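To start, the structure itself, in structure tokens.
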Amino acid sequence: MKNLRFVIVLMAAILFAMPSLKAQDSSLGVRAGWQSALLSYDGETTDALSSFYVGVFKERKIVPLLHYGYGLEFAQMGGKDKDMDLEYKLGYIGIPVYAKAKVGPVYGLLGSGINVKISETDDIYQDKAKGIDVPVYAGVGLNFLMLSIEARYHWGLMEIQDQTKNQYLQIGLGLSF
């Protein structure tokens, strides 16, 4: 566990210590919100598991309407089976990377990233999930001064178990500095 904490702190330090192109063309921020996750397997899905996500990000302007960003985020994935009263929870530390097209206060996001599994509670599956997941996502948002409201939907590209992939919806708030 000490090694995991060290790796997380090291990743955060590297992420935010990178020099900016211009100070006025970049911003730091925090984001957090509600998440609804499920597992898709062989054309079927589990029931949704509600949880939260929280993270930090850094964003830079390329041109006035186009930005890119990256961050560090904790999120809980998984699913549940209401009939059997079982839950499957996976905790991930993610490094999202995205492009943001902005027109006025409205913006759209497209991104990907890498999620590293840090925890797993298993009431459903006998096999452990793989340690890495790679999602792609699309989203929309609205900026108001330093506050943003956004919704993003993520699709896992990798199988975390035999024919099983993560999918999740995130709705939250961000605060830019």
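Bear in mind that the values in this text are calculations on the coordinates, not laboratory data. Computed from a predicted model, the values in this text were never measured in an experiment.
Extension gain, Phe52 to Asp85: 0.36 nm times the residue separation minus the Cα-Cα distance gives 9.8 nm. Available extension along the chain between Ile171 and Lys128 is 12.7 nm, counting 0.36 nm per residue and deducting the alpha carbon span. Cross-link reach is defined here as a Cα-Cα straight distance under 24 Å, omitting same-chain residues fewer than 8 places apart; for Lys102 the lysines meeting it are Lys22, Lys58, Lys61.
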